[in-house]
1. Any idea which of (1) surrounded by fewer than 15 Cβ atoms within 10 Å (Cβ to Cβ); (2) farther than 30 Å from B:R295 by Cα; (3) out of contact with any Asp or Glu (no Cβ under 7 Å at 6 or more places or on another chain); (4) without any contact (Cβ under 8 Å) to a residue 24 or more places away in the chain is the one B:N41 doesn't satisfy?
2. Filter segment B:292-305 down to residues that are in a helix (DSSP H, G or I) and either facing chain A (nearest Cβ under 7 Å) or in contact with a Pro (Cβ under 7 Å, 6 or more places away or on another chain) (or both), then give me how many there are.
3. For segment A:115-151, how many residues meet the condition of being within 19 Å of the chain's Cα centre (by Cα) and surrounded by fewer than 18 Cβ atoms within 10 Å (Cβ to Cβ)?
4. Would you say A:S161 is among the small types (G, A, S), away from chain B (no Cβ under 14 Å), under 28 Å from the mean Cα position of the chain (by Cα) and open to solvent by 40 Å² or more (accessible area, probe 1.4 Å)?
5. Which of the residues belonging to segment A:257-279 are facing another protein chain (nearest Cβ under 7 Å), in a helix (DSSP H, G or I) and modelled with pLDDT under 75?
6. Filter segment A:127-156 down to the residues that are at the interface with chain B (Cβ under 7 Å from one of its Cβ atoms) and either touching a Lys or Arg at 6+ places or on another chain (Cβ under 9 Å) or farther than 12 Å from B:T15 by Cα (or both) and list them by number.
7. Kindly check whether there is at least one residue in segment A:202-220 that is open to solvent by less than 60 Å² (accessible area, probe 1.4 Å), assigned to a helix (DSSP H, G or I), within 13 Å of chain B (Cβ to nearest Cβ) and not hydrophobic (A, V, I, L, M, F, W, C).
8. Please give the number of the condition A:S285 fails out of (1) facing chain B (nearest Cβ under 10 Å); (2) within 30 Å of B:Q299 (Cβ to Cβ); (3) part of a helix (DSSP H, G or I).
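The values are calculated or read from the model by the stated rules, or taken from the named source; none is laboratory data. Quick caveat, the model's predicted, so the values are computed rather than measured. So basically every Cβ, Gly included, is an ideal-geometry build from the backbone, and we count neighbours across all protein chains shown. Accessible surface is based on the protein model in full, side chains and every heavy atom, while ligands, DNA and RNA are left aside. Shrake-Rupley method; radii C 1.70, N 1.55, O 1.52, S 1.80 Å.
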Amino acid sequence: MANISSLSPSYQGDKHVPLRNLFWRRAVRRVLRDRLTLMALFGVIVLVLLCVIGPPILEQALNINPNRTAVTDRYLPPNPAHPLGTDSVGRDQLVRLLYGGRVSLAIATVGSLLTISIGVLSGLAAGYYGGWVDAVLRWIISTLESIPVFFLLIVVTTIWSPSPETLVVLVAFLGWSATARLVRGEVLSLRERDFVLAARALGAPNWRIMLTHLLPNLFPIIIVALTINAGSLILVESGLSFLGLGVQPPTPTWGNMLTDARANFYRGTYLIIWPGIMIALTVLSFYLVGDGLRDALDPRRQ
Amino acid sequence: MYLLVMRRLVVAIPTLFGITIISYLLVLAAPGDPVSMLAFNPRATPEGMEQQRRLLGLDQPPLTQYLYWLIGNDFTQIDVDADGTPDVQGVRRGLLRGDLGESLTYKRPVLDLIVERIPATLRITLPSFLIVYGLGTLIGLLSAVNHNGWFDQTARLLSVLGTVVPSFWLALILIIVFSVQLGWLPLTGMRDVTSSGEISLLEMLPYMVLPIVVLSFGGIASLIRYVRASALEVIGQDYVRTAHSKGLRNQTVWGRHVIRNALMPVATFIGPSLSGMLSGAVIIETIFSWPGMGRLSIQAALARDYPLVMGFVLVGAVLYIIGLLISDILYGFLDPRVRLT
């Protein structure tokens, strides 16, 4: 419907805008009209702000040290001094939850960026060059995808005991295949289009066609893939950390906070509820934003 | 049909080859080799360890080692004492003949350890699989029939929840509610496969409920979305409109034209969803102390039992490829066009 309304007289201002900008303007307009996506976007921003600037403020306000262990404060139920209670060694759960969020969000963001970069580069090369490059890539993808991803993750985390940094690299190297497949498919249809032919007729080298003509056309699917991927990486990271194979304590993540709580769940369900809610809310926000962006950036799908 | 199966098997060969390469690279990346563990044995001498290395072919160049790892070295004579004359027959049988090495913690062949855990894993994955496909297709189809109605909205909410709620957290919550608070179901833990005595299905059932529920919940979410989208696409096709306009009853249109065509892409989903289920089982089995493959893989990982962990990659991949084959055959049944080409 957006296409019809944008042809109406009220949108004549678009006429002098270059075509590429027009596309992004329309996308932004579609997002602004989509209330659910806006709410989810707001959710992501609030979560990031809470985790980035929340902890120091809270520490000041409540006079808490996140790493201070206190035997006398073990398993305190929620109270004014510790709004979400304390864990098995007396650390404040709220502050740890926010610090854990920092780690989880950072891994998800950086991991997603890296995953998508690998996927886009390989998909672009395979789709553009075709031939043996494509054959090799398809072979690698089908091989990677035939191993249940958790088994593979278990092996690599056993061999390279992960710090947050190595974990990012490991999940990226194992998770790029879906993006590569997506990008490859898109490039296969893009490279047959007239603007590619025109560029080639003007003597543009391959790298230039790929970077300045094909890559900008891939941005819509790249942005969507980035968001959806960040959401699923939160789940993967928390799952691994929960099993004790991801980020190691005492660095808190939502996953390993649950490991701790699981061993003592009879002591306090409040230790289990919150990390899970944080994970679900974060994944939900990313998921909804990705879904909304897909609708906004790819009007053909509607 | 026979041709179809044969062709799929041939197509699987390069993938299997790729899997052996990845696994072998991981074997190389893992610290130490089977013999270096002997260093903890006070009676092991450096010379003895060297002999053992030569016997296993670990002194060979990487490519030869890969071949030994793949097909074994029992067809070669080995010069164990390095005096220039070969004197012993090799002992390794190689991956292709089921020799995945020996577990460091259990001191038993890796393949045996994994295979004896498969039944326990199937006991929770198979029912989940049936629930996911039975209930998932039903809800997905009803959701498409009821497009944008209340049932559709509820189903979509359910599928979003199944995607975003981490399974291990759901499992913990269910344990707290049903096992701790209400006391309806046992807490965790089935008897180990290694323990003696048969356990009857009836006795096992209460232990199976929660793992199956949690495992199904995640799988059903993506299937509902998939079936729904597929059915909605079919409804928009011209042949469905034709069927309606030539006066067929609604049930006939759905039964003969929509459902069959909508379910065809679903058959291709079986392979990936099997893989997802095996991954899910790792977490579920660990939480519920279920004596299957998944829990063993985590125990092996935490104990740094490299050969055993590596075995799971291979067994998991083989299971996945079997699943893919089944889904291809099913696709052939549903879509005659695939059979004929």
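1. Going through the list (1) surrounded by fewer than 15 Cβ atoms within 10 Å (Cβ to Cβ); (2) farther than 30 Å from B:R295 by Cα; (3) out of contact with any Asp or Glu (no Cβ under 7 Å at 6 or more places or on another chain); (4) without any contact (Cβ under 8 Å) to a residue 24 or more places away in the chain, B:N41 breaks only (2).
2. Applying the first criterion (in a helix (DSSP H, G or I)) to segment B:292-305 yields B:293-302.
If we keep only those that are either facing chain A (nearest Cβ under 7 Å) or in contact with a Pro (Cβ under 7 Å, 6 or more places away or on another chain) (or both) too, we end up with B:297-298, B:301-302.
Qualifying residue count for the region: 4.
3. 3
4. Working: among the small types (G, A, S): yes; away from chain B (no Cβ under 14 Å): no; under 28 Å from the mean Cα position of the chain (by Cα): yes; open to solvent by 40 Å² or more (accessible area, probe 1.4 Å): yes.
Spelling it out, it is not the case that A:S161 is among the small types (G, A, S), away from chain B (no Cβ under 14 Å), under 28 Å from the mean Cα position of the chain (by Cα) and open to solvent by 40 Å² or more (accessible area, probe 1.4 Å).
5. A:R262
6. Listed by number, the residues that qualify are A:P148, A:V149, A:F150, A:F151, A:L152, A:I154, A:V155.
7. No, every residue in segment A:202-220 fails to be open to solvent by less than 60 Å² (accessible area, probe 1.4 Å), assigned to a helix (DSSP H, G or I), within 13 Å of chain B (Cβ to nearest Cβ) and not hydrophobic (A, V, I, L, M, F, W, C).
8. (2)
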